[in-house]
Amino acid sequence: MHRIIIEGGRQLSGKIKISGSKNSAVALVPAAVLCDEEVTIANVPNISDINALDEMLTFLGAKVKRSEDVIRIDSSKIENKLIPENMSKKLRASYYFMGALLSRFKKVEMYFPGGCSIGARPINLHLKGFRALGAKVEENDNLFIITADNLRGAKINLDFASVGATINLMLAAVKAEGTTIISNAAKEPHVVNVATFLNNMGAKISGAGTSEIKIVGVKHLHSCFHEVVPDYVETGTYMILASAIGKDITITNIIPDHVESLISKLDDMGVPMQIGVDFIKINAPLKLKQTNIKTQVYPGFPTDLQQPMAALLTQATGKSTINETIWENRFLNLIELNKMGATAETVTNSKAVIVGPTKLKGKNVKATDLRAGACLVIAGLIADGKTTIENADYILRGYENIIEKLTNIGAKIKLEEIE
Ligand code: EPU
């Protein structure tokens, strides 16, 4: 277990290089078991969620080699075994083994996955899609047994453009007989990145990044080299931090299009930004204007940046509102922000109001999930005095080298291991 300690109130300046996307990498790594040859994935973030997936691959019998940001996965000799619940519940993305192992072995047994407690997080759309492809799904408490004599292409319409269901169904359908059409598919950059990976292995997927994805089943997938797309949530988190207390902060290795909705909001708030092909340079303005945020599926404002944004809204003049439309339980960070001096109120499960600007003071606070943790890191860096963030392990799940990256731009921040 870890805690993060921050001495805040210092202006930050310098460069931050963005890592590969967590939500892409956590799908690519399980997807590697679709192939019985070695695949190489580069720009993989060194975060604890990847370590957990590495552990599961190794348990299945894959040979995993990691060096810096490259992971090589040889699943030629894997066995189709039930991954122990204590491993699979470490993260949400363990459910990608469902689609991938179902495709490879026509049978998979898997416990309900874990992940941050930000809502109910059902997997009914994944299961509905597996059934449409011809699989039988049995549920026994927490355990799912999914079997198919043969997977056949199907038309699948998602009630909601779920990222997880879209990716899992691409994995399950990639070698199914015939053509699968996923309509109302998620359009997030990591969905596109996974489709590109599968195509690099010989799949025939088109339309990823639009709301209709077509998958023409192929018989065999082969070895490939693939690169993880830059993390737009990490990019956005540092953009938000820079907008609060940055002087000439340059965030590099990014795809600006992926953070367009955030750029537009920061522009409304009066943040001066210089946007290049693969970088963005930000200076915090003297005064931030209020704004209203509504989370939406991509390319709308991402739910994963809503909590980091709350820290910035405490510094904006006037009343800002947040409307969270994706998750039911994503405002716990506001309780912690209020301990630090913010004036944030949760009106309903989906609506919150923040009135600013308020002076934040360092306090003992607790991360309740990954992005709530990112919110508190930003708040701690803005605040005067010492902030201690308990449950910092949540933050390490998704932000590679966060301590080093922030120290390099002048932050006083350290990670402490506790019993
Ligand atoms: N939903 C259903 N049934 C399903 C699947 C989803 O009702 O079968 C609902 C969910 O309850 C939620 C909405 O659909 O209300 C969106 O869920 P989605 O499936 O899109 O989310 P996810 O795949 O579980 C991923 C990211 C999340 C991110 C969301 C939304 C991963 C591992 N996680 O979750 O990331 O918030 O998409 O963009 O990719 C994070 O990084 O902090 C994080 C939580």
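The values are calculated or read from the model by the stated rules, or taken from the named source; none is laboratory data. Note that this is a predicted model, so its numbers are computed, not measured. A quick note on method: Cβ atoms are made from the backbone with ideal geometry, for glycine too, and the neighbour counts reach across all protein chains shown. SASA here: full protein model, heavy atoms, side chains in, ligands and nucleic acids out. Shrake-Rupley method; radii C 1.70, N 1.55, O 1.52, S 1.80 Å.
Identify, please: which residue in the stretch 345-400 is assigned to a loop (DSSP other than H, G, I, E, B) and more than 16 Å from the ligand (Cβ to nearest atom) and is, among those, nearest to Y238 (Cα to Cα)?
A383
Determine, yes or no, whether A311 is surrounded by 24 or more Cβ atoms within 10 Å (Cβ to Cβ), free of Cβ contacts under 8 Å to residues at least 40 places away in the same chain and hydrophobic (A, V, I, L, M, F, W, C).
So A311 fails the test.
Here's the yes/no breakdown for (1) assigned by TED's automatic domain parsing to the domain that holds D248; (2) outside any loop (DSSP other than H, G, I, E, B); (3) closer than 30 Å to A383 by Cα:
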| position | (1), (2), (3) |
| --- | --- |
| S13 | yes, yes, yes |
| A31 | no, yes, no |
| T40 | no, yes, no |
| P45 | no, no, yes |
| L53 | no, yes, no |
| L57 | no, yes, no |
| I73 | no, yes, no |
| L82 | no, no, no |
| M87 | no, yes, no |
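Of these, S117, S75, S103, S162, which one is in contact with a Cys (Cβ under 8 Å, 6 or more places away or on another chain) and not aromatic (F, W, Y)?
It is S75.
Yes or no: the stretch 196-217 includes at least one residue that is modelled with pLDDT of 95 or more, acidic (D, E) and more than 15 Å from the ligand (Cβ to nearest atom).
Scanning the stretch 196-217 turns up at least one residue that is modelled with pLDDT of 95 or more, acidic (D, E) and more than 15 Å from the ligand (Cβ to nearest atom).
Sort through L91, L28, L53 and tell me the only one that's modelled with pLDDT under 95, surrounded by 20 or more Cβ atoms within 10 Å (Cβ to Cβ) and within 16 Å of the ligand (Cβ to nearest atom).
L91
Could you please tell me which pairs satisfy a Cβ distance under 9 Å, a separation of 6+ or placement on different chains, a first residue in the stretch 362-380 that is closer than 17 Å to T407 by Cβ and at pLDDT 95 or above, and a second residue that is within 16 Å of the ligand (Cβ to nearest atom) and polar (S, T, N, Q)?
A374/T237; A374/Q307; A374/N333; V377/T237; I378/T237
Among the candidates C116, C35, single out the residue that is modelled with pLDDT under 95 and more than 28 Å from T295 (Cα to Cα).
Result: C35 is the single residue among C116, C35 that is modelled with pLDDT under 95 and more than 28 Å from T295 (Cα to Cα).
Open to solvent by 10 Å² or more (accessible area, probe 1.4 Å), at pLDDT 95 or above and more than 25 Å from the chain's Cα centre (by Cα): is that true of N338 in this structure?
yes
So in the stretch 273-289, with the set limited to residues that are in a loop (DSSP other than H, G, I, E, B) and open to solvent by less than 70 Å² (accessible area, probe 1.4 Å), which one is farthest from A310 (Cα to Cα)?
Taking the candidates together, the pick is G276.
Which of the residues that make up the stretch 303-344 are under 22 Å from G380 (Cβ atoms), within 16 Å of the ligand (Cβ to nearest atom) and not β-branched (V, I, T)?
D304, L305, Q306, Q307, P308, M309, A310, A311, R330, F331, L332, N333
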